[in-house]
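A.B. asks: I'd like to ask some things about the structure below.
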Amino acid sequence: MTIKEGDFVKISYTAKLEDGTVIDSTDENVAKEAGVYEEHARYGDIVIVVGEGHVLKGLEEDIVGKEVGYKGTVEVPPEKAFGEYDPNKKEMVTLKKFKEKPKPGDRVRVGDRVGIVEKVVGRRAIIDFNHPLAGKKIIFEYEIKEKIEDPVEKIKALFLIHTGRELETKVEDGKAVVEVPKDVAFNQFFLLGKITAVNKIFEHLPEIKEVELVERYVREESKEESS
């Protein structure tokens, strides 16, 4: 079963630098051993839509044409990873821009950009706005676990990708019914992501003619009612 663009595939991977340093992994144990574990991150196999940039371009390009069950390694050059290092992306910024005086190594936000403090000189800081992995070759060890064909699983994957939430879903007669948890009512990331997810459903699943998002509230029994 050859993988092509637009396919939904389940993969696992571990990403390393050329010196063997692990920078990311879908395996929780590997992440912990390498010291890159993030408490609130989701670990385990992930589903991507090939061609939509859910993983680095170099990895995505290598997946195309492979078969389900493939295990291998690909070296991704900087231009297909986090970009080449650009010395012109360093800027001198006045310390007045910061609430607290930054120190070298701090990750800071200036406007809509994020950078690393390289050094502080007098009343100014030199900020490097390159991605921390810019100019680095990334080596992926990955496995293609499965090609997703079930419409329900595709819809659940799209919501997970774009909202970060796993949602109960059912499909019947061209209609997808998705249950929305009550705790996301004021979650801006979810509210924006759900629109993208719905648009992607219509793009990738032509058999789906309608998407219904259902907010379900159940009365909690009081102690008197339950006694």
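The values are calculated or read from the model by the stated rules, or taken from the named source; none is laboratory data. Because the structure is predicted, anything quoted here is derived from the model rather than measured. Don't worry about glycine lacking a Cβ; one is built from the backbone with ideal geometry, like all the others, and counts go over all protein chains shown. When the accessible area is computed, the model is the full protein with side chains, heavy atoms only, and any ligands, DNA or RNA have been set aside. Shrake-Rupley method; radii C 1.70, N 1.55, O 1.52, S 1.80 Å.
A.B. asks: Quick check on my filter: what residues within region 152-181 are at pLDDT 95 or above, under 23 Å from residue 55 (Cβ atoms) and open to solvent by 40 Å² or more (accessible area, probe 1.4 Å)?
C.D. replies: Across region 152-181, the qualifying residues are 153, 156, 160, 161.
A.B. asks: Scan region 12-23 for residues that are surrounded by 15 or more Cβ atoms within 10 Å (Cβ to Cβ) and either closer than 22 Å to residue 132 by Cβ or in contact with a helix residue (DSSP H, G or I) (Cβ under 7 Å, 6 or more places away or on another chain) (or both) and jot them down. Quick ask: steps written out before the conclusion?
C.D. replies: At the first step, the residues of region 12-23 found to be surrounded by 15 or more Cβ atoms within 10 Å (Cβ to Cβ) are 12-16, 22-23.
Within region 12-23, 13, 14, 15, 16, 22, 23 qualify.
A.B. asks: Looking only at residues that are under 21 Å from the mean Cα position of the chain (by Cα) and touching a residue at least 12 places away in the same chain (Cβ under 8 Å) in region 201-222, which one is most open to solvent (accessible area, probe 1.4 Å)?
C.D. replies: 204
A.B. asks: Kindly provide the set of residues from region 6-23 that are over 14 Å from residue 68 (Cα atoms) and part of a loop (DSSP other than H, G, I, E, B), ordered by number.
C.D. replies: Once the filter is applied, which keeps residues that are over 14 Å from residue 68 (Cα atoms) and part of a loop (DSSP other than H, G, I, E, B), region 6-23 yields 6, 17, 18, 19, 20, 21.
A.B. asks: Here's a check for you: in region 182-200, which residue that is open to solvent by 20 Å² or more (accessible area, probe 1.4 Å) and aromatic (Phe, Trp, Tyr) is modelled with the highest pLDDT? Break it down stepwise before answering.
C.D. replies: Pass one, region 182-200, residues open to solvent by 20 Å² or more (accessible area, probe 1.4 Å): 182-183, 185-189, 191-192, 194-196, 198-200.
Subset that is aromatic (Phe, Trp, Tyr): 186, 189.
Values: 186: 84, 189: 91.
This residue is 189.
A.B. asks: Looking at 71, 80, 57, can you tell me which residue is basic (Lys, Arg) and over 20 Å from the mean Cα position of the chain (by Cα)? Outline the logic, then answer.
C.D. replies: Details: 80 fails: over 20 Å from the mean Cα position of the chain (by Cα); 57 fails: over 20 Å from the mean Cα position of the chain (by Cα).
Being basic (Lys, Arg) and over 20 Å from the mean Cα position of the chain (by Cα) holds for just one of 71, 80, 57, which is 71.
A.B. asks: Let me ask another. Can you tell which of 61, 84, 39, 91 is in contact with a Pro (Cβ under 7 Å, 6 or more places away or on another chain) and not hydroxyl-bearing (Ser, Thr, Tyr)?
C.D. replies: Working: 61 fails: in contact with a Pro (Cβ under 7 Å, 6 or more places away or on another chain); 39 fails: in contact with a Pro (Cβ under 7 Å, 6 or more places away or on another chain); 91 fails: in contact with a Pro (Cβ under 7 Å, 6 or more places away or on another chain).
One residue alone meets the criteria, 84.
A.B. asks: Take the residues in region 109-142 that are of a type in the set (D, E, K, R) and surrounded by 18 or more Cβ atoms within 10 Å (Cβ to Cβ), then tell me which one is nearest to residue 72 (Cα to Cα).
C.D. replies: From region 109-142, those of a type in the set (D, E, K, R) are 109, 112-113, 118-119, 123-124, 128, 136-137, 141; that's our starting set.
Filter once more, keeping what is surrounded by 18 or more Cβ atoms within 10 Å (Cβ to Cβ): 128, 136.
Working: 128: 34, 136: 20 Å.
That would be 136.
A.B. asks: Starting from region 89-107, keep only residues that are within 13 Å of residue 121 (Cβ to Cβ) and outside any strand (DSSP E or B), then list their pairs with residues that are open to solvent by 40 Å² or more (accessible area, probe 1.4 Å) and charged (D, E, K, R) whose Cβ atoms are within a distance under 9 Å, requiring at least 6 positions of separation or different chains.
C.D. replies: Taking only residues 6 or more apart or on different chains, the pairs are 95/101; 95/123; 95/124; 104/118; 104/119.
A.B. asks: Is region 24-34 home to any residue that is assigned to a loop (DSSP other than H, G, I, E, B) and either free of Cβ contacts under 8 Å to residues at least 40 places away in the same chain or buried (at least 18 other Cβ atoms within 10 Å of the Cβ) (or both)? Give the derivation first.
C.D. replies: Kept after step one, since they are assigned to a loop (DSSP other than H, G, I, E, B), are these residues of region 24-34: 26-27.
Next, from what is left, pick out any that are either free of Cβ contacts under 8 Å to residues at least 40 places away in the same chain or buried (at least 18 other Cβ atoms within 10 Å of the Cβ) (or both): 26-27.
Within region 24-34, one or more residues are assigned to a loop (DSSP other than H, G, I, E, B) and either free of Cβ contacts under 8 Å to residues at least 40 places away in the same chain or buried (at least 18 other Cβ atoms within 10 Å of the Cβ) (or both).
A.B. asks: If I filter region 63-88 down to residues being in a loop (DSSP other than H, G, I, E, B) and touching a helix residue (DSSP H, G or I) at 6+ places or on another chain (Cβ under 9 Å), which single residue comes out as surrounded by the most Cβ atoms within 10 Å (Cβ to Cβ)? If you could, list the steps in order and put the result at the bottom.
C.D. replies: We begin by selecting, within region 63-88, every residue in a loop (DSSP other than H, G, I, E, B); these are 64-66, 68-70, 77, 81-86.
If we keep only those that are touching a helix residue (DSSP H, G or I) at 6+ places or on another chain (Cβ under 9 Å) as well, we get 70, 77, 81, 84-85.
Details: 70: 15, 77: 12, 81: 23, 84: 12, 85: 14.
So, considering only residues that are in a loop (DSSP other than H, G, I, E, B) and touching a helix residue (DSSP H, G or I) at 6+ places or on another chain (Cβ under 9 Å), the one surrounded by the most Cβ atoms within 10 Å (Cβ to Cβ) is 81.
A.B. asks: Within region 44-59, count every residue that is out of contact with any Ser or Thr (no Cβ under 6 Å at 6 or more places or on another chain) and assigned to a loop (DSSP other than H, G, I, E, B).
C.D. replies: The total comes to 8.
A.B. asks: Separate question: Kindly indicate which of 51, 58, 6 is closer than 30 Å to residue 165 by Cβ, of a type in the set (Gly, Ala, Ser), in contact with a helix residue (DSSP H, G or I) (Cβ under 8 Å, 6 or more places away or on another chain) and surrounded by fewer than 14 Cβ atoms within 10 Å (Cβ to Cβ).
C.D. replies: Details: 51 fails: surrounded by fewer than 14 Cβ atoms within 10 Å (Cβ to Cβ); 58 fails: surrounded by fewer than 14 Cβ atoms within 10 Å (Cβ to Cβ).
Unique residue meeting the criteria: 6.
A.B. asks: Something else: Just checking, how many residues over region 171-185 are within 13 Å of residue 152 (Cα to Cα), of a type outside the set (Lys, Arg) and not in a loop (DSSP other than H, G, I, E, B)? So that I can check it myself, show each step before the final result.
C.D. replies: Narrowing region 171-185 to residues within 13 Å of residue 152 (Cα to Cα): 171-179.
With the extra rule that they be of a type outside the set (Lys, Arg), the set shrinks to 171-174, 176-179.
Applying the additional criterion that residues be not in a loop (DSSP other than H, G, I, E, B) yields 171-172, 176-179.
So the answer is 6.
A.B. asks: Tally up the residues in region 186-222 that are in a loop (DSSP other than H, G, I, E, B) and under 30 Å from residue 51 (Cα atoms), please. Before the answer, list the steps.
C.D. replies: Initial filter on region 186-222 (in a loop (DSSP other than H, G, I, E, B)): 186-187, 205-209, 216-222.
Filter once more, so that each one left must be under 30 Å from residue 51 (Cα atoms): 187, 205-209.
The number of residues fulfilling the criteria is 6.
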